[in-house]
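Written out below as structure tokens is the structure these notes cover.
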Amino acid sequence: MEVTAHTGVVCILGHPVRHSRSPAMHNAAFADQGLDLVYVAFDVSEARLPSAVDGLRSLGFVGANVTIPHKEAVVTLLDETDDLAAKIGAVNTIVADQGRLRGYNTDAEGFRRALEEGWGRGPAGARCLVLGAGGAARAIVAALVHAGAAEVVVHNRTSARARRLCSDAADWSSVPVRLIETEELRRAAAEADLIVNATSVGLDGTFKAIALPVDMVRDGHVVMDVVYSGSMTPFLAAAHGRGATVIEGTEMLVQQACLAYELWTGRIAPVQLFRHGASGD
Ligand code: NDP
């Protein structure tokens, strides 16, 4: 693809960001659909985030993705935020319209689509256990309650953060969302239909700090890990070994990226190309 003076620019702002698969996925799709757009990655420190976001306006970017650790901080730097992103309190996609920046959260719907793809059904009526209470967990809890889960229980290393999530989620729907402490985990896992690791544990390929005793996982459980590493995380591999249906974080990565692509381009995203780009093949 030839980059000219007319080429539109989309980027990802994060720190670190060099490991990101987003440039590979989006550039392959832009080329495939003959769009005069290019996607680049910028490593931006927390201190520089306000000037980087202002740069999107000044330089006429088409849009951007936002990733760790900026998804929450970016919300107050935008001109508008859609309702779901405002509820979740995190933005992962920005659309620029004549210099005005509007924030979206495609992680929630990306999670729901990945779940449906891997499980063959949505979470309606399911009892769900979510590990973690950061940005990804907030998007996942929002997706679960909006899709009509029967109940959601949340466990996090830092209880105060999980308590805040449960308290916010009480305003999102009538689905019960409650905090559980470590001693309640075994019972919650036994009772759950769906277990989601929404912590970053496993990113480095080790098993060390996962809170959930894997011996509680059984045939009949659906287990998803948001961490994407190109291969199954140790947690998913163990769950798979115990007969659970497992869903890798890569599919959520693909689905959230397709949704962002559609917001920027108005085109249907070529999902297989995104899968190819995400797997790094
Ligand atoms: P945050 O920094 O907002 O939250 C991190 C979460 O992980 C917190 O709940 C934190 O607990 C927990 N955590 C971190 N280290 C440990 C540990 N050693 N032991 C126990 N808990 C720990 O990050 P995000 O929520 O934005 O992202 C979480 C993960 O999800 C990342 O790996 C990210 O790459 C992935 N992700 C994947 C997506 C996909 O499309 N597949 C989309 C979005 C995110 P505490 O509050 O106690 O610190």
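Amide H contacts of THR81: GLY103, each under 5 Å away and 5 or more positions distant or on a separate chain (H built 1.01 Å from N in the peptide plane; Pro and chain starts excluded).
The long axis of helix 159-169 is offset from the longest Cα principal axis of the chain by roughly 70 degrees. Basic side chains Lys and Arg get +1 at the Cβ, acidic Asp and Glu get -1 at the Cβ, and with that the dipole of the chain about its Cα centre reaches some 460 debye.
If a spin label sat at a point 7 angstrom from the Cα of ARG48 along the line to its beta carbon, the backbone N atoms of region 1-24 nearer than 16 Å would be those of 11-19. Across region 25-66, Cα-Cα pairs more than 17 Å apart make up 40 percent of the total. Legend: translational diffusion of region 23-181 by Stokes-Einstein, Rh = Kirkwood radius over C-alpha pairs, 4 °C, 1.567 mPa s; D = 76 µm²/s. What's the center-to-center distance, using Cα atoms, between region 92-157 and region 225-250 in Å? What the calculation gives is 18 Å, centre to centre. Checking the a/c ratio against 1.5 first, then a/b against b/c, what shape does the Cα gyration tensor give for region 45-89? Because a/c hits 1.5 or more and a/b fails to exceed b/c, region 45-89 counts as oblate.
Counting every alpha-carbon pair across region 16-100, the share separated by more than 18 Å comes to 46%.
Per the Cα gyration tensor, region 102-229 maps to an equivalent ellipsoid with semi-axes of 19, 17, 16 Å, ordered largest to smallest. Since only LEU131, VAL53, THR250 are under comparison, the one whose Cα sits farthest along the positive direction of the charge dipole of the chain, derived from C-beta charges on Lys, Arg, Asp and Glu, is LEU131. Tell me the angle of helix 107-119 to the major Cα principal axis of the chain, expressed in degrees between 0 and 90 and rounded to the nearest ten. Here the helix axis deviates by roughly 60 degrees.
Sorted from longest to shortest, the spans of the Cα atoms of region 70-112 along the three principal axes equal 31, 18, 17 Å. Between helix 49-58 and the chain there is an angle of about 40 degrees, using the helix long axis and the longest principal axis of the Cα atoms. For the chain, the relative contact order comes to 16 percent (Cα pairs under 8 Å, sequence separation of at least 6). In summary, the chain shows an alpha-carbon radius of gyration equal to 1.00 times the 2.2 N^0.38 Å reference for compact globular proteins.
No value in this document is a laboratory result; all are computed from the given coordinates. What you see is a predicted model, and the numbers here were worked out from it, not measured in a lab. As a convention, Cβ positions derive from the backbone with ideal geometry for all residues, glycine included, and neighbour counts pool all protein chains shown.
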